[in-house]
1. Just read off the accessible area of T22 with the full protein assembly in place, 1.4 Å probe, to the nearest 10 Å².
2. To the nearest 10 square angstrom, how much accessible area does H59 have with a 1.4 angstrom probe?
Amino acid sequence: MSCNNCFGCTNLINKNYCIFNTQYTSETYKEKIDQYSGNLDFTHFIQLLHKTDIIVKPHIINCENCIGENI
């Protein structure tokens, strides 16, 4: 939520220049993004994020004909 220049991040709020939940300076961020742009296989990093990070379920309001928690 409210993040700028973030790539591959989860569960961050009001952060800038983050890659895979690690914050960098703007210059370092640009260098790292240039390195990652040539490598399109992020499967390993994504699997690590799913194992280690908490995935927050959404709280949905004003839903019609729905059954479940916090809807």
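1. 60 Å²
2. 130 Å²
The values are calculated or read from the model by the stated rules, or taken from the named source; none is laboratory data. No experiment lies behind these values; they were computed from the predicted model shown. Note: areas computed on protein heavy atoms with side chains; ligands, DNA, RNA excluded. Shrake-Rupley method; radii C 1.70, N 1.55, O 1.52, S 1.80 Å.
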